[in-house]
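Reading through the structure tokens given below for one structure.
The values are calculated or read from the model by the stated rules, or taken from the named source; none is laboratory data. Not measured: the values here are computed from a predicted model. Backbone-built Cβ (ideal geometry, glycine too); neighbour counts: all protein chains shown. Protein only, heavy atoms only, side chains kept; ligands, DNA and RNA dropped before computing areas. Shrake-Rupley method; radii C 1.70, N 1.55, O 1.52, S 1.80 Å.
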Amino acid sequence: MITDLDYVKIVQDIERDFLAATQTNIRMQTFSSFKANLKMTSASYSRSDRLAELYNHHLYQSVLPASSDVSSPVQMQELKIYPDGNKKFIPWEDNTNRKAKVPILVLNATTLNTGRNWQFTARTMGEPPERNDDESHSTDKEDDSVDKKTIRLRRPVSYANITAADNSEGTNLRNLPLGHAVAASACVPGLFPPLSITGLYQDSDAKETITPQLVDGGVFDNQAIEGLLQNECNCFVISDAAGQMGVENEVSTGSISVLLRVSGILQDRVRSESLKHLLTRMGKGKVAFVDLRRGLGIKEVAPAATDEHGKPEADNWIAPYSKKFNVDVKVQEKLSLMRTDLDAFTEVEAYSLMMDGYNMTANELVDLDFAQHHQVINKATWKFTEIAPWMAKPTEVYLQQLEIAKLVPLKALKVLPVKLGVPLGSVIAGLAYGFHTQLSALVFDEIPVYSMLILFALGGLSMAAPKLAKAFNSLEYLRPHAVLAKRVAEVAWLMGGTLFVKFYLQFINPMFLAEGSLEALKKKSPHS
């Protein structure tokens, strides 16, 4: 019989295994393999495919027991859950009358082709019907849905029903790996190329193939609420760990900056409206929601004007309340700004996030009638609770670590200014000394005429490059060569950086993790 303590044991294992996986620095490992970088010369393999392989290796395969009969890589269709060995169990039919519902896994992505939600489940994948539509949508039925796109990429009955078994990436669609589904759902646009599902769809009218290009599910459904409503869920626990759009007193008005800011505003608006709609639909007692800005105060800035009595208007404050869940306001503010990335997280960073979520969620779950389990869970021992004293009464050293945690580049240099800064400065000084003659000639001597001509020619080529590339690509017979040349150039850059990545992972990453360990914090800044 499954008890509450069985679930506690699962979370304790995740606490240990997930931290170990994140500390391997998955983002940098994306570029650490010569073999994988070489494969990127092919249009059918990208960084997203490499990321899927790393997910499988570090997050899934490595935590399975040696005796496990789960395949490698772990397949989506292996994630079905059957109660009491009932292999004929169908969740959306048989869960209705069960007190203890059998969970199902839904991984969300976004289809760039259609702008719709794409879902991976243990049974199938594709674009689900709208909630007001029927799965067996009749072809002669008038469509009164809001969605008026002319094509929907319908889901097959199951993975076993897919006839196009292998796609051009060499991935067997019937045995779709869990890592690929997760990589698609976390494929941040602009940082990683879309993950392709090839060979599954054909437009019979246009006589063209349809290749779904999948990106982060948050683009369409930021909190994955729509997928839960489609599965008729009526109780929601939502943990929003996404980076929140910050407020800027003075914003840049450059074209790129404005476009990025507008995109952020649109995403923030969609996120907020989805949550408001859910709360209105379900009621507060059915929704537990926590995010990293919970407990922070809000300042309502007064205009430069006078009130009805002729006095200058004063700012209004909605007081912060993070201390209600034992977190100092300064700590909560810095946690809300922490990077959302796939690089290595130190114990101090990871445990702070875990403790913060644990404290915030406690009261929310009680409101959702979880009080009967609350005492059992509180008796569990969690490693991350050791950071609690610093979160309630932060020291300067601890706050400094959280301040650095918002950075992506140069983070390790900030943490280790002496250990890394001195060697790096020495290398730069050595190079400057070795080439001081050439540098001084460049700065102080006259520049030869032929150098000016070369620079002028290079500048002209750089300005003409976009038009040349467009003209080059317009020639059908040259297009494959252009694509190949682009791929080779990308891989040459990747191969050149592989040695640095390997050096970083071997030497700098362990130093960064050691400096940010809980033991190091206890030594440098012991808490009374």
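In terms of Cα to Cα distance under 24 Å, which lysines are near enough to Lys411, apart from those fewer than 8 places away along the same chain? By straight Cα distance, Lys411 reaches Lys330, Lys334, Lys419, Lys502, Lys522, Lys523, Lys524. Annotation: amide H-H contacts under 5 Å for Gly516 (H modelled 1.01 Å from N, sequence separation of 5 or more, or interchain): none.
So what is the accessible area of the range 148-281 per residue, in Å², with the probe set to 1.4 Å? Display every interim value, and only then the final one.
On the way: 7770 Å² over 134 residues.
Accessible surface, normalised per residue, equals 58 Å².
Here the 3J(HN,Hα) profile of the range 189-204, calculated from phi with Karplus coefficients 6.51, -1.76 and 1.60 at θ = phi - 60°, is x, x, 8, 10, x, x, 9, 8, 10, 9, x, 9, 10, 9, 7, 5 Hz, Gly and Pro shown as x.
Rounded to the nearest whole Hz, the Karplus-based 3J(HN,Hα) values (6.51 cos²θ - 1.76 cosθ + 1.60, θ = phi - 60°) of the range 407-412 follow the sequence 7, 10, x, 6, 5, 5, with x at glycine and proline.
Taking only protein heavy atoms and a 1.4 Å probe, the accessible area of the range 1-111 is 59% carbon and sulfur.
So what is the orientation-averaged projected area of the range 145-234, using the convex hull of its C-alpha atoms, in nm²?
Working: hull surface 31.0 nm².
Average of the hull's projected areas for the range 145-234 equals 7.8 nm².
Across the range 230-291, the fraction of Cα-Cα pairs farther apart than 17 Å, rounded to a whole number, is 53%.
Taking amide H as placed 1.01 Å from N in the peptide plane, Ile210 has its amide H under 5 Å from the amide H of Tyr201, Gln202, Asp203, each at least 5 places away in sequence or on another chain. When a/c is below 1.5 the answer is rounded, else prolate if a/b is larger than b/c, else oblate, so apply that to the range 52-121 with a ≥ b ≥ c taken from the square roots of the Cα gyration tensor eigenvalues. Judged from the Cα gyration tensor, the range 52-121 comes out oblate (a/c at least 1.5, b/c at or above a/b).
Given +1 on the Cβ of Lys and Arg, -1 on the Cβ of Asp and Glu, and no further charges, what dipole in debye does the range 257-415 carry about its Cα centre, rounded to the nearest 20? Don't skip to the answer; put the middle values down first.
Details: 22 positive and 21 negative charges, 56 e Å.
That gives a dipole near 280 debye.
Summarising the amide proton neighbourhood of Val237: residues at separation of 5 or more, or on other chains, whose placed amide H is nearer than 5 Å comprise Ala288.
When the solvent-accessible area of the range 246-343 is split by element, carbon and sulfur atoms take up 56 percent of it, the probe being 1.4 Å.
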